[in-house]
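Participant: Questions regarding the structure given below will be posed in turn.
The values are calculated or read from the model by the stated rules, or taken from the named source; none is laboratory data. What you see is a predicted model; the values in this text were computed from it and never measured. Cβ placement follows ideal geometry from the backbone for every residue including glycine, while neighbour counts extend to all protein chains displayed. These accessible areas exclude ligands, DNA and RNA; they are computed on the full protein's heavy atoms, side chains included. Shrake-Rupley method; radii C 1.70, N 1.55, O 1.52, S 1.80 Å.
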Amino acid sequence: MIQTPMDKYDQHLGKNDANYVPLTPLSFLRRAAEVFPDRLAVIHGVEQRTWAETFARCRRLGSALAARGIKKGDTVAVMAPNVPALFEAHFGVPACGAVLNALNIRIDAEIIAFILNHAEAEVLITDGEFSSVIREALTKLDKRPLVVDIDDQLATSGERLGELTYEELLAEGDPNAPWTLPEDEWNAISLNYTSGTTGNPKGVVCHHRGAYMNAIGNILAWGMPPKPIYLWTLPMFHCNGWCFPWSVAALAGTNVCLRGVQPSAVFESIMEYGVTHLCGAPIVMNMLLNAPESESLELRDRIQMMTAGAAPPAAVLERMDAMGFDVTHAYGLTEVYGPVTVCDWHEEWNERPVAEQAALKARQGVKYPVQEEFFVANPETLEPVPADGETMGELMFRGNVVMKGYLKNPKATEESFEGGVFHTGDLGVTHPDGYIEIRDRSKDIIISGGENISSIEVEGVLYKHPAVLEAAVVARPDDHWGETPCAFVMLKADEGATEESIIEFCRENMAHYKCPKTVVFTELPKTSTGKIQKFVLRERAENL
């Protein structure tokens, strides 16, 4: 191998402890506690903790886990709604070198067990509200992890399943334990499972560098000021809350926690705490708009809201604006740490009609400042498509805010990185101004209420029904959920079934949010080779 001679800027000028520290969002927490120790970090019911107190609790968590033998590369899973324990886990778990696996609270026992087994979870921290499904999942594990119960003051149900409570675990730790940063920023910080086109989800491995970069990216792309008051309407388990636990810490803001998204609680929090920012799928906007409280709501200041997933209808955006919310549309995937593109707004667009503004805002836009490349290209040649707003191609990313890969799945990892770019599987166009817009999803993923649903998984359940001969599932536009699964079913000869019975069968065999909301009995359109023509079904679903 030919050695390239060093130039004058390399000679005797290498990395050392003085000029190089691995990037990690763990440093944001330490700074917030050092600079603004008395500023409120977390509000949860009657619980209010400062950044100094939160830092001490995260140090307790990390040191307690380490004392129990948790080390670099071990997995710590958390099953919880948006409560302080999950926020603290985003710092305390990686502080001991472990990897945080925040579980989707909507999944069933079978999938929970698969994830815990696949991730080889050593610890499971779980909220009492989910004790029933967790109890069932624990019976399916190859090895039972250390189970820790969150005894949340606002929980209304649940039972103890673990060896100790979360507070008892923290009591074992040291509030003054050294705050150790990773030796390598490439080390894994989190593991998030995403739905694919097969039944079992894939484990997306994220690193400290990417988490740091996208936490900063959120701040830059959204223009977040110091000391934001951030309301947790977005699930913190979803792509690590789109990296906002770390973004809010970087700005020494305040996290207002909500166990669930009820419009009354959202409005109460907004008015009581002066909320400035919140995130959520379009369903959250619909909930707020249709709540009785919205009619009398008088906001003191305009509120910033970021949404992702299916583009909100123009009427929804118009009503949100009238209510006092400035909506920013973003796009991303679990594999890129949540949103990593934004419809960066041009001031001159404010002069356009509201309907045209909504169409512009619905585009997935341009890359975050921290991402290197975001483009639409031919998936085979990787040649970018013309910026004509018509030529379809696959959306692709390249840069620091891309996952390490899929856990224990080298084949899927290699396929997703083919050609040196990350293939999203989403199809779209590039407009003449360079802004990108999604037009379809090549793998038929349905995004409902911000959650990914595999059409093939739903079809697999439908085919188990004794009366079903053929089935195909596509997305149907929905003003409330963004999209919902719509099943087209052909029954066997001399067999009968109703829409209600099909839906109920699905609810008995899979997580309820994945179940079809609509069932159409019909003969399925096929190509000459017998392949079901889903594009025809999508058109039908749009017109139902």
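Participant: Between Y193, Y166, which is closer than 30 Å to I445 by Cα and either of a type in the set (F, W, Y) or surrounded by fewer than 16 Cβ atoms within 10 Å (Cβ to Cβ) (or both)?
Facilitator: Working: Y166 fails: closer than 30 Å to I445 by Cα.
Being closer than 30 Å to I445 by Cα and either of a type in the set (F, W, Y) or surrounded by fewer than 16 Cβ atoms within 10 Å (Cβ to Cβ) (or both) holds for just one of Y193, Y166, which is Y193.
Participant: Using the structure shown, decide if R106 is surrounded by fewer than 20 Cβ atoms within 10 Å (Cβ to Cβ), touching a residue at least 24 places away in the same chain (Cβ under 8 Å) and within 25 Å of the chain's Cα centre (by Cα).
Facilitator: Considered against the rule, which asks whether it is surrounded by fewer than 20 Cβ atoms within 10 Å (Cβ to Cβ), touching a residue at least 24 places away in the same chain (Cβ under 8 Å) and within 25 Å of the chain's Cα centre (by Cα), R106 comes out as yes.
Participant: Please work out which one of (1) surrounded by fewer than 21 Cβ atoms within 10 Å (Cβ to Cβ); (2) in a loop (DSSP other than H, G, I, E, B) is the condition Q371 fails and give its number.
Facilitator: Answer for Q371: the failing condition is (1).
Participant: Taking segment 196-228 as the region of interest, how many residues are open to solvent by 40 Å² or more (accessible area, probe 1.4 Å) and over 29 Å from G460 (Cα atoms)?
Facilitator: Of the residues in that region, 8 qualify.
Participant: Would you check if K464 is modelled with pLDDT under 90, out of contact with any Pro (no Cβ under 6 Å at 6 or more places or on another chain) and open to solvent by 80 Å² or more (accessible area, probe 1.4 Å)?
Facilitator: Answer is yes for this residue.
Participant: Pick out the one residue from V78, V93 that is open to solvent by less than 10 Å² (accessible area, probe 1.4 Å), not basic (K, R) and not in a helix (DSSP H, G or I). Write out each step before concluding.
Facilitator: Details: V93 fails: not in a helix (DSSP H, G or I).
Residue meeting the stated conditions: V78.
Participant: Further, regarding this structure: Out of all the residues in segment 314-327, which are of a type outside the set (G, A, S) and either open to solvent by less than 10 Å² (accessible area, probe 1.4 Å) or modelled with pLDDT of 90 or more (or both)?
Facilitator: Step one: of segment 314-327, the residues of a type outside the set (G, A, S) are 316-321, 323, 325-327.
If the condition is that a residue be of a type outside the set (G, A, S) and either open to solvent by less than 10 Å² (accessible area, probe 1.4 Å) or modelled with pLDDT of 90 or more (or both), then M320, M323, F325, D326, V327 are the ones that fit.
Participant: State the number of residues belonging to segment 512-535 that are part of a loop (DSSP other than H, G, I, E, B), at pLDDT below 90 and surrounded by 11 or more Cβ atoms within 10 Å (Cβ to Cβ). Please lay out each step first, then the result.
Facilitator: Of all residues in segment 512-535, those part of a loop (DSSP other than H, G, I, E, B) come to 515-517, 522-525, 527-531, 533.
Cutting the leftovers down to at pLDDT below 90 gives us 527-531, 533.
When the remaining residues are screened for being surrounded by 11 or more Cβ atoms within 10 Å (Cβ to Cβ), the result is 533.
Summing the residues that are part of a loop (DSSP other than H, G, I, E, B), at pLDDT below 90 and surrounded by 11 or more Cβ atoms within 10 Å (Cβ to Cβ) in segment 512-535 gives 1.
Participant: I'd like the residue in segment 381-411 that is outside any strand (DSSP E or B) and open to solvent by less than 20 Å² (accessible area, probe 1.4 Å) and, out of all such residues, is farthest from I189 (Cα to Cα). Outline the logic, then answer.
Facilitator: Narrowing segment 381-411 to residues outside any strand (DSSP E or B): 381-383, 385-392, 399-404, 407-411.
Narrowing the set further to residues that are open to solvent by less than 20 Å² (accessible area, probe 1.4 Å) leaves 389, 401-403.
Working: G389: 38, V401: 13, V402: 13, M403: 11 Å.
Per the stated criteria, the residue is G389.
Participant: Of all residues in segment 46-64 being within 21 Å of V256 (Cβ to Cβ) and among the hydroxyl-bearing types (S, T, Y), which is most open to solvent (accessible area, probe 1.4 Å)?
Facilitator: Looking at the filtered set, the residue picked out is T50.
Participant: Something else: Sort out which residues of segment 1-45 are open to solvent by 50 Å² or more (accessible area, probe 1.4 Å), of a type in the set (A, V, I, L, M, F, W, C) and closer than 29 Å to C206 by Cβ, and write them in order of number. Break it down into steps so the answer makes sense when it comes.
Facilitator: To start, the set of residues in segment 1-45 that are open to solvent by 50 Å² or more (accessible area, probe 1.4 Å) comprises 1-13, 15-21, 30-31, 34-36, 38-40.
The next check asks that each one be of a type in the set (A, V, I, L, M, F, W, C); those that pass are 1-2, 6, 13, 18, 21, 35-36, 40.
Residues satisfying the conditions are A18, V21, V35, F36, L40.
Participant: OK, next. Could you count how many residues in segment 122-134 are part of a strand (DSSP E or B) and open to solvent by 10 Å² or more (accessible area, probe 1.4 Å)?
Facilitator: Applying the first criterion (part of a strand (DSSP E or B)) to segment 122-134 yields 122-127.
Next, from what is left, pick out any that are open to solvent by 10 Å² or more (accessible area, probe 1.4 Å): 122.
Within segment 122-134, residues that are part of a strand (DSSP E or B) and open to solvent by 10 Å² or more (accessible area, probe 1.4 Å) number 1.
Residue by residue, here is whether (1) within 22 Å of the chain's Cα centre (by Cα); (2) open to solvent by less than 30 Å² (accessible area, probe 1.4 Å); (3) under 30 Å from T413 (Cα atoms) holds:
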{"site": "H277", "(1), (2), (3)": "yes, yes, no"}
{"site": "I283", "(1), (2), (3)": "yes, yes, no"}
{"site": "N290", "(1), (2), (3)": "no, no, no"}
{"site": "S296", "(1), (2), (3)": "no, no, no"}
{"site": "T307", "(1), (2), (3)": "yes, yes, yes"}
{"site": "H329", "(1), (2), (3)": "yes, yes, yes"}
{"site": "T334", "(1), (2), (3)": "yes, yes, yes"}
{"site": "C343", "(1), (2), (3)": "yes, yes, yes"}
